[in-house]
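Just below is one structure, and these are the notes that go with it.
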Amino acid sequence: MTTASGLTFDLKPSAHPTPAAEREAVLANPGFGRHFTDHMVTIRYSEGRGWYDAQLTPYAPLELDPATMVLHYGQEIFEGLKAYRQPDGSVATFRPETNAERFRRSARRLGMPELPVETFVEAIDVLVAQDGDWVPSGGEQSLYLRPFMIATEVGLGINRPAQEYLFMVIASPAGAYFPRGVNPVSVWLSKEYVRAAPGGTGEAKCGGNYAASFLAQAEAVRQGCDQVVWLDAVERRWVEEMGGMNLYFVRGTGDAATVVTPQLTGTLLPGVTRDSLLTIAADLGYGTAEERISTEDWRRGNEDGEFSEVFACGTAAVITPVGSVKSADASWSVGDGQPGEITMRLRQTLVGIQTGEIEDRHGWLHRVG
Ligand code: COI
C-alpha cells in the first residue's frame with residue numbers, strides 16, 4: 001500500500017487476531033494502557049537511507065541487542081492521541097497533525113530524525129484502519145494511540161546521536177485514566193524535585209521526563225496526595241504542570257469567568273488538550289489567558305475567591321478537577337472540593353467534539369478509512 005507520502009506500507013495482518021468475544025470482553029472494561037490491539041506499525045530510519053521498511057505486522061515483542069543506544073541513553077520520544085467512534089459508526093482521530101508537529105519538535109530536541117507529518121498521520125491511519133474493531137463505542141471510551149521512536153543503533157559511544165531509529169505505533173483501548181473517574185484529585189506541590197529546567201527537555205515529550213517524575217509522584221502519594229504538581233526549577237514558585245498534565249485555573253464565575261493556564265516558558269509540555277481548551281473556552285464565551293501563576297497566587301486566589309475552579313488536562317485523562325492542594329508549609333482546598341461547573345462544561349464540550357456529538361467547527365477530527 002503506497003501512501004500520499006510516497007512510503008509503501010507492507011501490510012502483514014495477523015493470521016490469528018483476537019476472537020470477537022474476547023475483544024468485546026476487553027472493550028467492556030478496558031482500563032488504561034493494559035490491553036493492546038492485534039497489530040503495530042513500524043518504520044525504520046537510517047542515516048543515508050532515510051525512512052524505509054514501513055510495515056503493519058502482528059503486535060509482538062521487539063528483539064534488541066543489549067547495547068542498543070536507547071537502552072543506555074534514553075534517546076526516545078513519544079506521543080499520545082486518541083481515536084473515537086463517531087455516531088455514524090466511523091472512526092476519527094483528534095488533531096493528529098498537531099501531535100505529528102510536536103513529535104517533530106521533540107525529535108529535534110533529542111537529536112533524532114524528524115518524521116514527516118503526513119507519514120506520522122498515515123502510520124496511525126494504517127493501524128486504526130486495520131484494528132478499527134478495537135475502537136470502543138462506550139461513553140468516555142476511545143482507542144489510545146501511542147506513536148514512539150527509539151534509537152536502535154548498537155554502540156555505547158556518546159559523541160553523537162544514533163544514526164538508526166525505529167518509529168512505531170501501538171494502540172490500546174482506553175476507559176477512564178484515573179480509577180475514580182472525574183472525582184477531584186488532591187495535589188502535592190513538589191519543592192524538592194523539578195520536572196524541567198530552562199534549556200532542558202521540558203517541552204519535548206521524551207521518556208526521560210517521565211522517568212524523572214516517578215520519585216516525585218511517589219513522594220506526593222507518601223504525603224497523602226493523588227498527584228504531584230511541578231514548580232519552575234529556578235525559583236520553585238511558578239506553577240508548571242500536574243503529573244503528566246497541564247493545569248488550568250478559572251478566574252471568576254459564570255459567564256464572566258476567564259480560564260487561565262500557565263504560559264509556555266519552554267519548560268512546560270505544550271499539550272494538545274491545553275491548546276484545544278483555549279479555543280473551546282473562547283467559543284463558549286469565556287475569557288482566556290496564558291499567565292505565570294505562583295503558588296502564593298494560587299493559595300490567595302483560592303482563599304479570596306479569585307479562582308473558583310482548578311483542573312488538569314491531558315489526552316489520557318481529558319479533564320480532571322483539582323480538589324485540594326498541599327505543600328510543605330500550607331494546605332488549602334479549591335472551591336468546595338467538588339468538580340466545578342465550568343470545568344465540567346469544558347469537559348463535556350471537548351468530549352462532545354471528539355465523539356461527534358458537537359459540531360467540529362475547527363476541523364479537528366480526522367476521519368480514518
Ligand atoms: C496524557 O495526558 O496523554 C499524558 O501525556 C499522560 C500519558 C503519559 C499517560
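I'd like to check something: does the stretch 52-71 contain any residue that is over 22 Å from the mean Cα position of the chain (by Cα), among the aromatic types (Phe, Trp, Tyr) and buried (at least 18 other Cβ atoms within 10 Å of the Cβ)? Looking through the stretch 52-71, none of the residues is over 22 Å from the mean Cα position of the chain (by Cα), among the aromatic types (Phe, Trp, Tyr) and buried (at least 18 other Cβ atoms within 10 Å of the Cβ).
Yes or no, residue by residue, for (1) among the hydroxyl-bearing types (Ser, Thr, Tyr); (2) assigned to a strand (DSSP E or B):
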site: 255; (1), (2): no, no
site: 260; (1), (2): no, yes
site: 265; (1), (2): yes, no
site: 270; (1), (2): no, no
site: 274; (1), (2): no, no
site: 281; (1), (2): no, no
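Only one of the numbered conditions (1) in contact with a helix residue (DSSP H, G or I) (Cβ under 6 Å, 6 or more places away or on another chain); (2) of a type in the set (A, V, I, L, M, F, W, C); (3) more than 14 Å from the ligand (Cβ to nearest atom) is not met by residue 228, and that is (3).
Among 87, 136, which is modelled with pLDDT of 95 or more, open to solvent by less than 70 Å² (accessible area, probe 1.4 Å) and away from the ligand (no atom under 16 Å from the Cβ)?
Residue meeting the stated conditions: 136.
Considering 9, 94, the condition of being of a type in the set (A, V, I, L, M, F, W, C) and within 16 Å of the ligand (Cβ to nearest atom) is satisfied by 94 alone.
Only one of the listed residues (335, 323, 352) is assigned to a loop (DSSP other than H, G, I, E, B) and of a type in the set (Gly, Ala, Ser). That residue is 335.
Among the candidates 307, 311, which residue alone is within 18 Å of the chain's Cα centre (by Cα) and among the aromatic types (Phe, Trp, Tyr)?
Selected residue: 311, the only one of 307, 311 that is within 18 Å of the chain's Cα centre (by Cα) and among the aromatic types (Phe, Trp, Tyr).
Exactly one residue among 342, 319 is over 24 Å from residue 222 (Cβ atoms), in contact with a strand residue (DSSP E or B) (Cβ under 8 Å, 6 or more places away or on another chain) and within 16 Å of the ligand (Cβ to nearest atom), and that residue is 319. Quick check on my filter: what residues within the stretch 301-313 are touching an Asp or Glu at 6+ places or on another chain (Cβ under 9 Å) and open to solvent by 10 Å² or more (accessible area, probe 1.4 Å)? The answer is 306, 308, 309. Among the residues of the stretch 157-205 satisfying the criterion of being over 22 Å from residue 330 (Cα atoms) and basic (Lys, Arg), which is nearest to the ligand (Cβ to nearest atom)? Only one residue fits best here, namely 205. If you filter the stretch 328-339 down to residues that are open to solvent by 10 Å² or more (accessible area, probe 1.4 Å) and in contact with a strand residue (DSSP E or B) (Cβ under 6 Å, 6 or more places away or on another chain), you find that the one that is nearest to the ligand (Cβ to nearest atom) is 339.
So which residues in the stretch 19-45 are among the polar types (S, T, N, Q) and open to solvent by less than 30 Å² (accessible area, probe 1.4 Å), if there are any at all?
Passing the criteria: 37, 42.
Six or more apart or on different chains, Cβ under 7 Å: which pairs go from a residue in the stretch 18-32 that's under 12 Å from residue 177 (Cα atoms) to one that's within 16 Å of the ligand (Cβ to nearest atom) and open to solvent by 80 Å² or more (accessible area, probe 1.4 Å)? Could you list them? Correct list of pairs: 32/177. Just one of the listed residues (135, 121, 169) is more than 27 Å from residue 15 (Cβ to Cβ) and either among the basic types (Lys, Arg) or touching a Pro at 6+ places or on another chain (Cβ under 9 Å) (or both), namely 121. Screening the candidates 190, 172 for the property of being over 30 Å from residue 41 (Cα atoms), of a type in the set (Gly, Ala, Ser) and either open to solvent by 10 Å² or more (accessible area, probe 1.4 Å) or at pLDDT 95 or above (or both) yields one hit, 190.
Taken over the stretch 255-296, the residue count meeting the criterion of being more than 16 Å from the ligand (Cβ to nearest atom), touching a residue at least 40 places away in the same chain (Cβ under 8 Å) and open to solvent by 30 Å² or more (accessible area, probe 1.4 Å) is 6. Please verify whether residue 301 is outside the structural domain of residue 147 (by TED's automatic domain parsing), more than 22 Å from the chain's Cα centre (by Cα) and part of a helix (DSSP H, G or I), treating the condition exactly as stated. Judged against the criteria, residue 301 is a match.
The values are calculated or read from the model by the stated rules, or taken from the named source; none is laboratory data. Every value quoted in this text rests on a predicted model; they were computed, and no experiment measured them. Here the Cβ is made from the backbone with ideal geometry for all residues, glycine too, and neighbour counts use every protein chain on show. For the accessible areas, the whole protein counts, side chains as well, though only heavy atoms, and no ligand, DNA or RNA atoms are used. Shrake-Rupley method; radii C 1.70, N 1.55, O 1.52, S 1.80 Å.
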